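These notes are about the structure you will find just below.
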Amino acid sequence: MEPLAAIGLASNILQFVEFTHKLVSTTHRLYQHGSRLEFLELESIAQGLRDRARAVTDGSRRIQSTEGANSEDQPLERLAADCIRITDELLAALDSLRCREPGNKWGSFYQALKTIWKADDIKALQDRVDRIGNALSHHLVITGQRAISEKLNRLTTENHRLEASRADEIRALKAELSSALLDLQQASHQHESLEAPMSLLLSVAEKEARYSFELSILSQLRFSGMDDRYETVSRAHKETFKWVFGTPGNTSVPLSSVSGWLASDRDVFWVSGKPGSGKSTLMKYISMHDRTKAALQTWAGGERVITASFFFWSAAKRHLQKSHEGLLRSLLYQILRQSPETIEHIYPEIARPQHHVLGGEAGTQRFQPLAIVPETVPGLLSMLRKACEGLASTGQRCCFFIDGLDEYEGRPIDMVELIRTLRTMPLVKLCIASRPWNEFEQSFGQDGCLKLYMQDLTRDDIRNYVNSVFQADKYYQALEKMEGNAGAELVNEIIEAAQGVFLWVILVVRSFQEGLMNGDRIVDLQARLRLLPRDLNEYFEKILLADVDEFYRPQAALMFAATLDACHQLPLMAYWFLQYEKPISNRQRELQPMTLEQMELRLDQTRKRLNACCKGLLEEHGPSDVSASDPRAYFEIQVDFLHRTVKDFLATPQTRAFLSSWNPAAFPSDASICYALLDLIKQTPVDEPCCRTTVKSHKSELPLSSYMEWLIPTFMNHCKTLNDTPDFKSDRLKAILNYFDETLNVMDSGCLLGHQYLETYFSYHCQGIFTSPWSSGKKLHSPIFLDLCARYGLHHYVVRKYEESKTSTSYRGPTYSGNRLLHMAVEGRHSLLVRHLIEREFQDRDVKHQGAGNRHSGERNPSDKPAVMNEKLIIWGDSLTVWTFFLATLYLDSTERTERLEPKVLRILRILLENGADLGATFPVVKELRGRLAHEVLRSILENHPEDLAALQQFLPQTQPKDDVEKGGWRRRISRTFEGLRRRRRPESIG
């Protein structure tokens, strides 16, 4: 039982104790005096006592049904049982004292009470109540305080992780809890009123429920990589961008209008400029500057202003880093973590008490279920509008800094429309940045006071940057002493040639520093400058063709290809292993963990090799607090492109073609990444075998398990690409996957990833949905890795392994379930694997028919439904088949979907229907669908889209099914019942 969830039950017992104290006291007074008023009080208290007893039992059953039995809960359960026994005893006595002579009600009761209730009985009841009260108080103070404190400590940790502004409140909550528990103990011992300490205890529970609710919302909004782009944008050089906030007394510096806009009531400002001109750096500079906050305070008239930023990143590997959904989730997260009380405006239900103890059915309620954050853009926009309205209702305002509108993955006009929608929200300002594309120019560039072009304002910034770098270069300083003013002329030439493109300047200065180290004179640098291309793409080509040493070109080609094709940014250490391509047969089978010293040496060597091969076009990024001696460096120091323009250049077909010519014998980049990740896993530094799952706060502990949730999907996605590559041999893919499976099993058996880590991980990512063999007691060795392969659609490997297990006489591996594999393939929407598995099932059936002398295997009758499709899956204690589970999830999606079904979904439906899917199947797992047949549900899914319905019409009955369930209401109920399905986490697709 969750500690604070148990408070609801405990508080009912406490009120039971208090009511019983009153009951005993009143009975005793009645025995002594026989007052009618005291009898009325006794009757009222007894009624309340019965309600409390019911609340206790119902609350205990509800908690056990949802969270399971727990030995630590047994003291509370025993106390609840004692309470029930006393209640039954008292109520039976009261029933026996009902008036038997209507004309003498009170006298009859008085005499009966004296007969039934002796003084010793009252004393015994008093002792029993005292024992319950003291035991409960002891349990709460001694055991409960520790458990509840642990829960609050976890709340503190989660608050810190999500950067929410509840640290002070949680500390105060801990103090209130300690005070309430001590007061309860004292009041129970001294038979004082428990009302005050109970009220405080319940207040603690309700606040904890509120804070947990808030942190749940924040956790759902936050996504991996949300801050990556912001963190990788270079901080402005100390001598640049001073013009943004004005330079008093210096009329030669052209002032931007940013500062004035921040303090004004105008709602949008547009920063534009050429590629590489420093737009993102300026946006980061403005968003974090103290003078920005001061100017916004002028706009807000002293009221609070919440700022939030989002930097689109077209080179990102994650969809959310370059989509409307990612923008809206990021803005909401930043607003609500700074102002968590605003969540109440979005979800008013958290303002209501989360549980009650005042009698009846309400007394059994537990904390309200956590809300689900919408996944769609309209839903997120509605949520953001409510947040802004909630802030505006108290005078608070918002300012959003949104960089890289041109890096949004969709159409520019859609980005323009979203900005227009954001402008309609109350008390919101937007500072936006993009390249000067026509759509943005037309929408945001019509007012010269509300825009700026970077290349027009950064001339002095470039001068300051170049001078600063040269002044810190000892070779340049020595040269300037010899050649005098020639250095100033060189700086002027750089400024003129740059044409406001800061990235070009950075590359040129780096090149010049190498020349200075080689003894170049000023005149040599000037000559080199005049030969350099002014266009960035031409400059990148020059770097590749002229600057990369021929010896390093094969490795450079591999590094560039891996960075382009990786579905997630790769750790720097992975680039060490990219250098050593060799087939699986030549690789070591045992684990070979490095020491931290070896890792530090390899990281340093990889940095040098990266620079030699890529000449600055690829750079490492990572947390500033990670050193090479920290195991986190093994994964958190990652490699990415210097700038978006670099990625765009390398991704062109022409560039990829000549990079391939540098290393024609190389493996496909996806295979190279898989090999590198395998070596990365096998050589990760480890301590002694342990059962740890995280090391973020312990530098000496195992780092690998913390990153398995990144490593495994990355590896599997690249295997999927290899699976779909016609030229890649399936034997090689089989060897890679077998090797990966063996490696994971070795690590899991040695407890190097934590106790039963792989079983937990694979069960979660395969949704833990298995067929009846898992609950029938039939022993399955380790089929779960193949389930994961089926979920990723690795049809070559899955079918081959499955066939081996069925046909090979020498096969000694695990027994695979075709039913479960089919389910994984359907849920992953892999139609080719679905067809292969059903074909395999028909083959098995035909072999049986032939053996029995039945019809020829070439004949196929769909009415002979393959068992693989219609066997029961055990789900949440109820049963569905692969077919009905698929239909149920599609129907759930159809309640929110307006567009047609995806082609791959239609293909799977057709395959299942062609091969005997049961149109008369039912849905026992959802009560609202009981009595509905599969063909009725399928028609409901298709009916709003005639094209989809026409594609599958031939399989449906000709008569229109009776619509015996009201649309809307039962759809909402099924949505709630299947909430877990809708929130299912599916493997990310490549790209």
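The values are calculated or read from the model by the stated rules, or taken from the named source; none is laboratory data. Model, not experiment: these values are computed from the prediction. Cβ atoms come from the backbone with ideal geometry, glycine included; neighbour counts cover every protein chain shown. Ligands, DNA and RNA are stripped out before the accessible areas are found, and what is left, the full protein with its side chains, is counted by its heavy atoms. Shrake-Rupley method; radii C 1.70, N 1.55, O 1.52, S 1.80 Å.
Points worth noting:
- Members of the stretch 542-574 found to be acidic (Asp, Glu), over 26 Å from the mean Cα position of the chain (by Cα) and part of a helix (DSSP H, G or I), listed by number: ASP547, GLU550
- Condition check for VAL373 on (1) open to solvent by less than 70 Å² (accessible area, probe 1.4 Å); (2) in contact with a strand residue (DSSP E or B) (Cβ under 9 Å, 6 or more places away or on another chain): one failure, at (2).
- Count of the stretch 617-641 residues which are part of a loop (DSSP other than H, G, I, E, B) and at pLDDT 90 or above: 1
- The stretch 767-812 - residue that is outside any loop (DSSP other than H, G, I, E, B) and aromatic (Phe, Trp, Tyr) and, of those, modelled with the lowest pLDDT: TRP774
- From the options LYS322, LYS279, LYS284, LYS274, residue that is in contact with a Pro (Cβ under 9 Å, 6 or more places away or on another chain), charged (D, E, K, R) and either over 14 Å from MET226 (Cα atoms) or touching a residue at least 40 places away in the same chain (Cβ under 8 Å) (or both): LYS274
- Among the residues of the stretch 295-348, the ones that are touching a helix residue (DSSP H, G or I) at 6+ places or on another chain (Cβ under 9 Å), open to solvent by 50 Å² or more (accessible area, probe 1.4 Å) and farther than 22 Å from LEU162 by Cα come to 3 in all.
- Scanning the stretch 562-575 turns up one or more residues that are modelled with pLDDT of 90 or more, buried (at least 20 other Cβ atoms within 10 Å of the Cβ) and closer than 25 Å to VAL508 by Cβ.
- Number of the condition not met by HIS718 [criteria: (1) open to solvent by 50 Å² or more (accessible area, probe 1.4 Å); (2) at pLDDT 85 or above; (3) within 23 Å of the chain's Cα centre (by Cα)]: (1)
- Taking the stretch 661-671 as the range and being out of contact with any His (no Cβ under 9 Å at 6 or more places or on another chain) and at pLDDT 90 or above as the test, the residues that pass are SER661, TRP662.
- Some residue of the stretch 969-988 being open to solvent by less than 40 Å² (accessible area, probe 1.4 Å), modelled with pLDDT of 75 or more and not in a helix (DSSP H, G or I): no
- Count of residues meeting criterion [open to solvent by less than 30 Å² (accessible area, probe 1.4 Å), at pLDDT 80 or above and farther than 17 Å from ARG171 by Cβ] in the stretch 196-220: 4
- Selection within the stretch 672-704 - modelled with pLDDT under 70, under 22 Å from TRP576 (Cα atoms) and open to solvent by less than 40 Å² (accessible area, probe 1.4 Å): PRO685, LEU702, PRO703, LEU704
- Residue match in the stretch 883-903 (condition: at pLDDT below 70, out of contact with any strand residue (DSSP E or B) (no Cβ under 7 Å at 6 or more places or on another chain) and assigned to a helix (DSSP H, G or I)): no
- The single residue among PRO378, PRO369, PRO353 that is modelled with pLDDT of 90 or more and over 19 Å from ALA164 (Cβ atoms) turns out to be PRO378.
- Search result, residues across the stretch 386-409 that are part of a helix (DSSP H, G or I), more than 25 Å from the chain's Cα centre (by Cα) and not charged (D, E, K, R): GLY390, LEU391, ALA392
- Members of the stretch 501-529 found to be open to solvent by 70 Å² or more (accessible area, probe 1.4 Å) and free of Cβ contacts under 8 Å to residues at least 24 places away in the same chain, listed by number: GLU514, ASN518, ARG528
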